[in-house]
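Student: Attaching a single structure in structure tokens format; questions to follow.
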Amino acid sequence: MDLECSRLLPALCAVLVDPRQPVADDTCLEKLLDWFKTVTEGESSLLLLQEHPCLVELLSHVLKLQDLSPGVLSFSLRVAGIFAAQENCFQYLQVGSLLFSQPGGAPGLRLLSAPPFFLSSPAPCPGAVDTIFSLQGDSSLFVASAASQLLVHILALSMRGGAKEQPCLQGDDWPTCAQKIMGHVEESLCSTVTPKVTQALNILTTTFGRCQSPWTEALWVRLSASVACLLERDPIPAAHSLVDLLLCVARSPVFGSSNGSLWEMVAQALSCLGPAHVGPLALGILKLEHCPQALRTQAFQVLLQPLACVLKATVQAPGPLGLLDGMADDAMMVDALLASKSSCAGLLCRTLAHLEELQPLPQRPSPWPQAPLLGAAVTVLRLCDGSATPVSSVGGHLCATLAGCVRVQRAALDFLGMLSQGTSPQELVTQALAVLLECLKSPGSSPTVLKKAFQATLRWLLSSPKTSSCSDLGPHIPQFLRELFLVLQKRLCSPCWEVRDSALEFLTQLSRHWGGEADFRCALLASEVPELAWQLLQDPESYVRASAVTATGQLSSWGLHDPTSPQHAVARQSLLRELLRILSADSEGFPRRAVMQVFTEWLRDGHADVTRDTEQFVATVLQVASRDLDWEVRVQGLELALVFLGQTLGPPHTHCPYAVALPEAAPARPLTEALRALCHVGLFDFAFRALFDCDRPVAQKSCDLLLFLRDKIASYNSLREASPNTDSVEAAPWRWRAHEQTQPQEDQEPEAVLAMLRSLDLEGLQSTLAESSDHVEKSPQSLLQDMLATGGFLQGDEADCY
Amino acid sequence: MCGTGFGHFRWLAEGGAGQDVGRSCILVSIAGKNVMLDCGMHMGFNDDRRFPDFSYITQNGRLTDFLDCVIISHFHLDHCGALPYFSEMVGYDGPIYMTHPTQAICPILLEDYRKIAVDKKGEANFFTSQMIKDCMKKVVAVHLHQTVQVDDELEIKAYYAGHVLGAAMFQIKVGSESVVYTGDYNMTPDRHLGAAWIDKCRPNLLITESTYATTIRDSKRCRERDFLKKVHETVERGGKVLIPVFALGRAQELCILLETFWERMNLKVPIYFSTGLTEKANHYYKLFIPWTNQKIRKTFVQRNMFEFKHIKAFDRAFADNPGPMVVFATPGMLHAGQSLQIFRKWAGNEKNMVIMPGYCVQGTVGHKILSGQRKLEMEGRQVLEVKMQVEYMSFSAHADAKGIMQLVGQAEPESVLLVHGEAKKMEFLKQKIEQELRVSCYMPANGETVTLPTSLSIPVGISLGLLKQEMAQGLLPEAKKPRLLHGTLIMKDSNFRLVSSEQALKELGLAEHQLRFTCRVHLHDTRKEQETALRVYSHLKSILKDHCVQHLPDGSVTVESILIQAAAPSEDPGTKVLLVSWTYQDEELGSFLTSLLKKGLPQALS
């Protein structure tokens, strides 16, 4: 603890115990506690207590006060807990006497969570544990949760003390505390009150999750029968917690893969749990590394059941391969599908999400039924858009239930997108693309559904196999693209900005990957999509304008203007002009940021319009960006400047220690010429101004740029020839700081700029800027000062942030 | 039904002075549906604590499966700041409901806050601009008083809340159960917004903020006058006024105030707005004119209040200009950026003034100067001496105790749940509500669950056929007067319907069974059975004048479907037994006849 804080602490403690003194802000005590944690980690807690008797006074005083705020009381108890974690402090503070003298509250409980020696102290355990049992049912989630955690902690600590060498399977010789807790858990498991069962299961789950000592095996042996009994009840109580427990035990390394009784219980759970809970259990089992194959098969069947039922209800025999052919439907699952719209949607969404999660995992079941799953996803989507043909009464019911169900549509589209990662027969790929196209076409599709449909389509297109035939893309893709662009045209004109934006994002992504593919280019240019994207540069919604900027920028990078148009070159030129107009005139930040990103990309990739007169381009852009009020535009401006620097002076040095050091490439042009070019485009002016920007990220980026520049120049021999500093030159950068330099300097001399660069303590500035903008205000000293200053200042009734 | 706050209900420390800009986040479970109300952030923390602890709901499985929807009441960050984190990082993929202005304005404030987070280094785990956009694309914007069907069972409806542009109260309804969540609201109109209003929707539960639970607030006009006086005095003596604000909200309100004052007083001192967001913010205020108060709406045709004549965009070079000026600069708590830069320049001059129009969290320069600190440590161990005047003016627009009572009176809920308040004051209000309005009231602490039982009512449809039958009896329906209607209740496709028994049989494909009740009545009568039957006939004929009473040739008597036969038990010749039998349709008449006959036959006939 530094001296200043030591000096302030007694006064602060006095404020805390004075009920008349308010505490400034509800975050202050939390931050103070954080500070105590840091301090006690760094130095001896006992010494701290001895050197600051005010702390001991605070802790003993708070317990005597009647009208102390719960906040301060809770804080004090937690501070006591932090110190009591050390045995010597525990004795020093005589913490035992503090415990349980206060009514309820999680913070007080935390006191117990640290010290193992607490349990060895004779008095508190039996009464304390009873109190914690009762707090498990507290109406506060935080207290209840803390009580449960604490019981686990006490159990683990007492077991660690009692069974060091060998696991005592009988439990008779377990420590009293552990026996008491176990007795409580056993009793709760047999209770008919569901919350009690839940509490017991949660304690066990936390125990098996946290403790991997051999005694946990003995614990399971003792309790598994009671847990198994839960599965016999109808309905099964606390099913969600039961699933968590079973999975947690199954994951615990303490239990070998040969634990037959556990797997039997899991198998039983799979067959008797309701559809809402069996899915997570099945998924959890399939994610296990070691588990009997029969159980995996059973779990996978459980996961597939709902989709199998959907397929069966809609596929005409003899149709394509189904899922789980020849197996009877699970009655409970069919009931859930038919019971109500929300139950059906819930079950299907969960199933699809579970399978989506499983699909990319290495431990997913093999063989993976890719084709039937794809068929099922397509069928679910068809049921949602009303185009499925039911072949049974269940199918008819599903048609009615799922028609227009956005929730299921979204889940199915996510799953369908994920399935693109596997190999599927061409026929099914065509079907998947067809259903996606339907979804994109459907006038009833909601914006969120369309977004997912675009994402899934993108995934399918990008993963579609390329053939060796004359066509660039797969044989069916060109036709698909033609239809797709017709839909895209429609969606780009949607009245919903969300849809227009998703369509533009899709266009950008697709052209980024396929801009060079002849089929794609041909289909795109035959459509009105490029023109519509262009028109959206004027969209009333700024998000859409920004996406339109990115999309048109991307299309332009690939030269995707109508090649037959005589205005081809004119169009390209006018795009540059249009983007410059947006950069200087758009009232909102997003489009301007997007323009800067496009320009940076163009400069980096050598876009034709940029290379025509790069210096002029950079000069214009930097001039506009330097005036921008949006900090990200200015940061982007510096990024563009950095690219230009790299192109003028050579790329940045790589510092990879394993890279083979190549001889320095010869600089593109002589230093003086290069510097003159930098001066000409106003780069120095922009960078120096940005160095003193009120927005920290801008200043930091500029500092990095100038450091790079300085290092780069240092590699030129001519640096030594630079003229020596003069006072006027040294003073120049500070003019930017004082904002006197409002007009860019056109005719800076490279030598003067170099001298200015050398006069700056860029390293010092860099380390200052690397600090958080509030590092002074958030220091412990500042916190203590603030808390002291608040006393007496604030009046009531001003709770006011907004 | 139960509600759980797993973020901070904005409740204050005991003693009356603790202030909090906590996270509003309430989970309501109603008839099996789970709805999250608001998703706020805490600006006082830089770590995970700034967001609500969602682990309490993620432990229930996948968020999108567990939650049916999220509702955001208004654009303030303590109500919506955690939304992109929740939807794009924690993984909620379901619908988010808010009003149109809130949807338009939310991203501006989220971007504003993102910048602050970027400024503070080490701010990992923070959302990006793309995430903000993706989050906003999940939003379903709603109109006031529009009933929005979230799914087949869950519907929501927005009501005007005042407070800030686009703020709304929401009614959430599942079947016959409903909850109203007020968010922050204001029951008195202010300079640019109207007063909150809700209809008599009689929800099971009203969740209301209670920031000013015990206060009757002074008129906002007084605070406004005070503000204008201070600004005017400062510029008159040649000083500069700095007003740190967040990009949107309070800034626009104060701009209207100054603009009108400048116009009236014909002042020439420049007013600047430094954020670069002025145009955008004002654009939204113009766009959502219907959400402002009556006065602004009325004068809109002649002059739009948000088109400012005197307020110009600020360039950072202006800060060094000599002479007086007024500058609105972001951010609002003087913790970084332009407002802090200007503050540093102007702090040393006692002629200048800084007006803080909102609360500042600890860890900001704003907090320091508001708590009276005058020597501030700055970067690089520099010390800044604050000589300029520092003023704090609360312009917050929350309902006071009177307003809260008024709203409870308007909505007539079964129960009230108080959130967003200081425990002691909430206790006072709770008693007031319980005593004066006779409504049960709860005030859960953060993380506490309140469970309210509700009486279940099941809607039942009535078939047209049955209604026609009833009409055919000539009884016209009367409003407000309950009527007894007989029919058969059938449950089909999870729906209840009351239909005629014939229709029920037909729909359910059942064969009809006849059910007859029989009863024996013993009579003292020494005559023969035929005579007894005749006496019964005469007796009934005289009493039941409206019914068809017949004496059949076989000696039995019928009244409608009721059949009465007399028999003589062999063991007692002085007693006759009447066998009475009737169909269940005539049960009422059957019971009546039985009880009549049990009284015996009249003497005159004997």
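Student: Can you pull out the residues in the range B:82-108 that are under 27 Å from residue A:634 (Cα atoms), touching a Leu at 6+ places or on another chain (Cβ under 7 Å) and either more than 10 Å from chain A (Cβ to nearest Cβ) or not aliphatic (A, V, I, L, M) (or both)?
Tutor: If the condition is that a residue be under 27 Å from residue A:634 (Cα atoms), touching a Leu at 6+ places or on another chain (Cβ under 7 Å) and either more than 10 Å from chain A (Cβ to nearest Cβ) or not aliphatic (A, V, I, L, M) (or both), then B:84, B:105 are the ones that fit.
Student: In addition: Residue under question is residue B:596, and the condition is that it be under 30 Å from residue B:488 (Cβ atoms), out of contact with any Lys or Arg (no Cβ under 6 Å at 6 or more places or on another chain), surrounded by 15 or more Cβ atoms within 10 Å (Cβ to Cβ) and in contact (Cβ under 8 Å) with a residue 12 or more places away in the chain; does it hold?
Tutor: yes
Student: Still on this model: List the helices (runs of 4 or more DSSP H) that sit entirely inside the range A:560-630 and contain at least 3 residues that are at pLDDT below 90.
Tutor: A:568-585, A:608-612
Student: If you don't mind, there's one more thing I want to ask. Being at pLDDT 90 or above and facing chain A (nearest Cβ under 9 Å): is that true of residue B:33 here?
Tutor: yes
Student: Where in the range B:477-556 are the strands (runs of 3 or more DSSP E), entirely inside, with at least 1 residues that are touching a helix residue (DSSP H, G or I) at 6+ places or on another chain (Cβ under 8 Å) and under 30 Å from residue B:570 (Cα atoms)?
Tutor: Fully inside the range B:477-556 and qualifying: B:516-524, B:549-551.
Student: Right, something else. Confirm whether residue B:362 is farther than 24 Å from residue B:230 by Cα and touching a Gly at 6+ places or on another chain (Cβ under 8 Å).
Tutor: yes
Student: For the condition charged (D, E, K, R) and over 19 Å from residue B:208 (Cβ atoms), what is the one hit in B:68, B:38?
Tutor: B:68
Student: Whether any residue in the range A:734-741 is closer than 19 Å to residue A:678 by Cα, at pLDDT 55 or above and either of a type in the set (Gly, Ala, Ser) or outside any loop (DSSP other than H, G, I, E, B) (or both) is what I want to check.
Tutor: For the range A:734-741, residues closer than 19 Å to residue A:678 by Cα, at pLDDT 55 or above and either of a type in the set (Gly, Ala, Ser) or outside any loop (DSSP other than H, G, I, E, B) (or both): present.
Student: Could you list all residues from the range B:79-130 that are within 27 Å of residue A:769 (Cα to Cα) and not in a helix (DSSP H, G or I)?
Tutor: B:81, B:120, B:121, B:122, B:123, B:124, B:125, B:126, B:127, B:128
Student: Identify, please: which residue in the range B:50-92 is touching a Cys at 6+ places or on another chain (Cβ under 6 Å) and among the aromatic types (Phe, Trp, Tyr) and is, among those, nearest to residue A:205 (Cα to Cα)?
Tutor: B:86
Student: Does residue B:188 qualify as being of a type in the set (Val, Ile, Thr), within 14 Å of chain A (Cβ to nearest Cβ), assigned to a loop (DSSP other than H, G, I, E, B) and over 30 Å from residue B:152 (Cβ atoms)?
Tutor: No: the conditions fail for residue B:188.
Student: Filter the range B:363-387 down to residues that are surrounded by 20 or more Cβ atoms within 10 Å (Cβ to Cβ) and either more than 10 Å from chain A (Cβ to nearest Cβ) or part of a helix (DSSP H, G or I) (or both), then give me how many there are.
Tutor: 7
Student: Among the numbered conditions (1) within 14 Å of another protein chain (Cβ to nearest Cβ); (2) over 20 Å from residue A:782 (Cβ atoms), tell me where residue A:37 comes up short.
Tutor: All conditions pass for residue A:37, except number (2).
Student: Give me the pairs, please: first residue somewhere in the range A:749-762 and touching a residue at least 40 places away in the same chain (Cβ under 8 Å), second residue anywhere and β-branched (Val, Ile, Thr) and assigned to a helix (DSSP H, G or I), beta-carbon distance under 8 Å, and either six or more positions apart or on two chains.
Tutor: A:750/A:672; A:754/A:713; A:756/A:729; A:757/A:713
Student: For the range B:117-149, name all the residues that are at the interface with chain A (Cβ under 8 Å from one of its Cβ atoms) and among the β-branched types (Val, Ile, Thr).
Tutor: Within the range B:117-149, just B:118 meets the criteria.
Student: Can you pull out the residues in the range A:514-527 that are touching a residue at least 40 places away in the same chain (Cβ under 8 Å), buried (at least 16 other Cβ atoms within 10 Å of the Cβ) and part of a helix (DSSP H, G or I)?
Tutor: Correct list: A:514, A:519, A:520, A:523, A:524.
Student: Among the residues that make up the range A:528-548, is at least one of them over 29 Å from residue B:137 (Cβ atoms), outside the structural domain of residue A:644 (by TED's automatic domain parsing) and either at pLDDT below 90 or part of a helix (DSSP H, G or I) (or both)?
Tutor: Checked the range A:528-548: no residue is over 29 Å from residue B:137 (Cβ atoms), outside the structural domain of residue A:644 (by TED's automatic domain parsing) and either at pLDDT below 90 or part of a helix (DSSP H, G or I) (or both).
Student: Can you go through A:102, A:179 and tell me which one is at pLDDT 55 or above and either of a type in the set (Asp, Glu) or surrounded by fewer than 21 Cβ atoms within 10 Å (Cβ to Cβ) (or both)?
Tutor: Among A:102, A:179, only A:179 is at pLDDT 55 or above and either of a type in the set (Asp, Glu) or surrounded by fewer than 21 Cβ atoms within 10 Å (Cβ to Cβ) (or both).
Student: Further, regarding this structure: Taking the conditions exactly as written (crowded, with 18+ Cβ neighbours inside 10 Å, under 20 Å from residue A:278 (Cα atoms), within 11 Å of another protein chain (Cβ to nearest Cβ) and modelled with pLDDT of 95 or more), does residue A:347 satisfy them or not?
Tutor: So residue A:347 does not fit the description; no.
Student: Does the range A:193-216 contain at least one residue that is part of a helix (DSSP H, G or I), charged (D, E, K, R), surrounded by 19 or more Cβ atoms within 10 Å (Cβ to Cβ) and modelled with pLDDT of 90 or more?
Tutor: yes
Student: Filter the range A:70-92 for residues that are at pLDDT below 80 and farther than 12 Å from residue A:44 by Cα; which is farthest from the other protein chains (Cβ to nearest Cβ)?
Tutor: A:91
Student: Working only within the range B:341-362, note down all residues that are within 7 Å of chain A (Cβ to nearest Cβ) and either over 20 Å from residue A:32 (Cβ atoms) or among the β-branched types (Val, Ile, Thr) (or both).
Tutor: Once the filter is applied, which keeps residues that are within 7 Å of chain A (Cβ to nearest Cβ) and either over 20 Å from residue A:32 (Cβ atoms) or among the β-branched types (Val, Ile, Thr) (or both), the range B:341-362 yields B:341, B:358, B:361.
Student: Got a sec? Which of B:591, B:570 is part of a loop (DSSP other than H, G, I, E, B) and surrounded by fewer than 17 Cβ atoms within 10 Å (Cβ to Cβ)?
Tutor: B:570
Student: To continue, here is another question. Checking residue B:180 against (1) within 13 Å of another protein chain (Cβ to nearest Cβ); (2) crowded, with 24+ Cβ neighbours inside 10 Å, which test does it fail?
Tutor: (1)
The values are calculated or read from the model by the stated rules, or taken from the named source; none is laboratory data. Remember, predicted model here, so these are calculated numbers, not experimental data. Counting neighbours? That spans all protein chains shown, and the Cβs are built from the backbone with ideal geometry, glycine included.
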